[in-house]
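Following: one structure in C-alpha cells, then a few remarks.
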Amino acid sequence: MRGAALDLDAVTIKFGDFTAVDSVDVSVRAGEFICLLGPSGCGKSTLISAIAGFEKPANGRIHLEGQEIRGASLDVGMVFQSSEALFDWLTIRQNIEYGPKMRGVAKKERQALADEFLSLVGLAHCADQLPRQLSGGMRQRAQIARVLANEPRVVLMDEPFGALDAQTRQVMQQELDRIWRTSGCTVIFVTHDIDEAIVLADRILVMTAGPEATIKSSYDVDIPRPRDEAGDEAIALHRKLREDIGAEVRKALQGQGLTQEGS
Ligand SMILES: Nc1ncnc2c1ncn2[C@@H]1O[C@H](COP(=O)(O)OP(=O)(O)OP(=O)(O)O)[C@@H](O)[C@H]1O
C-alpha cells in the first residue's frame with residue numbers, strides 16, 4: 001500500500017447560504033499523519049467529508065496525486081466514530097472481505113487480504129464472530145481492517161476512538177501508530193483530544209471556530225515515536241495547543257452568546 005499526497009486549494013464548503021469551511025489551503029505529503037483539532041462544530045467532519053468526496057466544495061479544489069477528487073473513490077477510506085458502521089449480520093471476516101468482493105476481487109485473493117488485515121489489527125482469532133460479540137475497541141480494529149482491505153491510499157478517521165474508555169483508547173493509539181507505519185497510507189485523523197493528536201501526528205492542524213472556519217495554525221510534531229504524552233516536549237506542546245484551541249473555543253462560545261468578552 002502506498003500513501004498519496006493531497007492538495008487542498010482554497011476549499012470552501014457551504015450548506016445553502018451557510019459557509020461552514022472557508023478557503024482552506026493544505027498540502028499533505030504522501031504517508032503523512034495529520035491530526036485535525038478545533039472547537040466543536042467548527043467544520044472538521046465537513047472538511048474530511050469533502051476529502052472523502054461526500055461533500056462537493058462550493059469553491060476550490062482537492063487533488064489526490066494531481067487528480068481532482070470529484071466523488072467517493074476507493075483511494076480514500078473513512079473510519080467512523082461508531083463501530084455501527086460494520087454490518088452487524090456479517091462476521092468480522094465477511095465485513096473485511098465485503099469491499100474487495102464488491103470490487104470483484106477473486107475469492108482466494110480476498111481471503112488472503114482478509115487474513116492479512118485480520119492479523120495486522122490482531123483479530124485473527126475473532127474472524128468468525130459477529131460484531132456484537134466483540135468489545136468496542138475490537139470493533140474499531142475491525143472497522144480499520146475493513147477500510148484497509150480496500151487498499152486506500154488515504155485513510156480519513158473521524159474521532160474513531162471517541163467512544164472508547166481511556167485505557168482502550170491508549171492501546172488503540174499505539175496500535176494505530178503501528179498499523180499506519182506498516183501500511184504506509186496517508187492518514188487524516190479528527191480528534192478533540194490534544195494528547196491523542198500529540199501521540200499520533202506528524203503534523204497537527206488547528207481550525208478556527210466556525211462559521212467560515214479555516215486552518216488557524218500548523219504544528220510539526222518532532223517528538224520521537226513511540227511517544228509519551230507525559231514527556232517534557234509533549235507537555236510543552238500540549239500547553240501551546242490548549243491555548244491556541246482555547247482562544248477559538250472562547251470565540252465560538254461568544255458567538256453563541258454563552259460567555260462575556262475577555263472571560
Ligand atoms: N449537512 C449539513 N447541513 C447543514 N449544516 C451542516 C451540515 N453538516 C454540518 N453542518 C454545519 O457545519 C458546521 C460544521 O459541522 P461539523 O460537523 O463539520 O463540525 P465538527 O468540527 O466536525 O464538529 P464536532 O467537533 O462537534 O464533531 C456546523 O455548524 C454544522 O451545524
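The values are calculated or read from the model by the stated rules, or taken from the named source; none is laboratory data. Fair warning: this is a prediction, and the values are worked out from it, not measured in the lab. Here the Cβ positions follow ideal geometry from the backbone for every residue, glycine too, while neighbour counts run over all protein chains shown.
Taken together, Arg153, Arg146 contain a single residue that is under 18 Å from Ala52 (Cα atoms), crowded, with 17+ Cβ neighbours inside 10 Å and in contact with a Lys or Arg (Cβ under 9 Å, 6 or more places away or on another chain), which is Arg153.
Just to verify a result, which residue in segment 195-238, among those that are out of contact with any Leu (no Cβ under 9 Å at 6 or more places or on another chain) and polar (S, T, N, Q), is farthest from Ser23 (Cα to Cα)? The selected residue is Thr208.
All of Asp195, Asp222 fail the test of being more than 14 Å from the ligand (Cβ to nearest atom), in a loop (DSSP other than H, G, I, E, B) and on the phi < 0 side of the Ramachandran plot, apart from Asp222.
Take the residues of segment 70-104 that are among the β-branched types (Val, Ile, Thr) and touching a helix residue (DSSP H, G or I) at 6+ places or on another chain (Cβ under 7 Å): which is nearest to Asp165 (Cα to Cα)? Please lay out each step first, then the result.
Step one: filter segment 70-104 for residues among the β-branched types (Val, Ile, Thr), giving 76, 79, 91-92, 96.
From what's left, touching a helix residue (DSSP H, G or I) at 6+ places or on another chain (Cβ under 7 Å): 76, 79, 92, 96.
Values: Val76: 28, Val79: 18, Ile92: 22, Ile96: 25 Å.
Taking the candidates together, the pick is Val79.
For segment 84-97, what are the residues that are within 21 Å of the chain's Cα centre (by Cα) and either touching a residue at least 60 places away in the same chain (Cβ under 8 Å) or in a helix (DSSP H, G or I) (or both)?
Taking segment 84-97 as the starting set, the residues that turn out to be within 21 Å of the chain's Cα centre (by Cα) are 84-87, 95-96.
Once the filter is applied, which keeps residues that are within 21 Å of the chain's Cα centre (by Cα) and either touching a residue at least 60 places away in the same chain (Cβ under 8 Å) or in a helix (DSSP H, G or I) (or both), segment 84-97 yields Glu84, Ala85, Leu86, Asn95, Ile96.
Could you please give the count of residues in segment 225-263 that are of a type outside the set (Ser, Thr, Tyr) and outside any helix (DSSP H, G or I)? Of the residues in segment 225-263, 13 are of a type outside the set (Ser, Thr, Tyr) and outside any helix (DSSP H, G or I).
A quick yes/no check of all residues on (1) at pLDDT 90 or above; (2) of a type outside the set (Ser, Thr, Tyr); (3) touching a Phe, Trp or Tyr at 6+ places or on another chain (Cβ under 7 Å):
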site: Thr168; (1), (2), (3): no, no, no
site: Ala201; (1), (2), (3): yes, yes, yes
site: Leu205; (1), (2), (3): yes, yes, no
site: Thr208; (1), (2), (3): yes, no, no
site: Gly262; (1), (2), (3): no, yes, no
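Over 28 Å from Leu64 (Cβ atoms) and touching a helix residue (DSSP H, G or I) at 6+ places or on another chain (Cβ under 7 Å): is that true of Ile223 in this structure? Here the answer is yes, as Ile223 does meet what is asked.
Of the residues Gly16, Gly43, which is within 20 Å of Ala201 (Cβ to Cβ) and within 12 Å of the ligand (Cβ to nearest atom)? Steps first, answer last, please.
Details: Gly16 fails: within 20 Å of Ala201 (Cβ to Cβ).
The match here is Gly43.
Taken over segment 32-51, residues that are outside any helix (DSSP H, G or I) and either of a type in the set (S, T, N, Q) or surrounded by fewer than 21 Cβ atoms within 10 Å (Cβ to Cβ) (or both) amount to 3.
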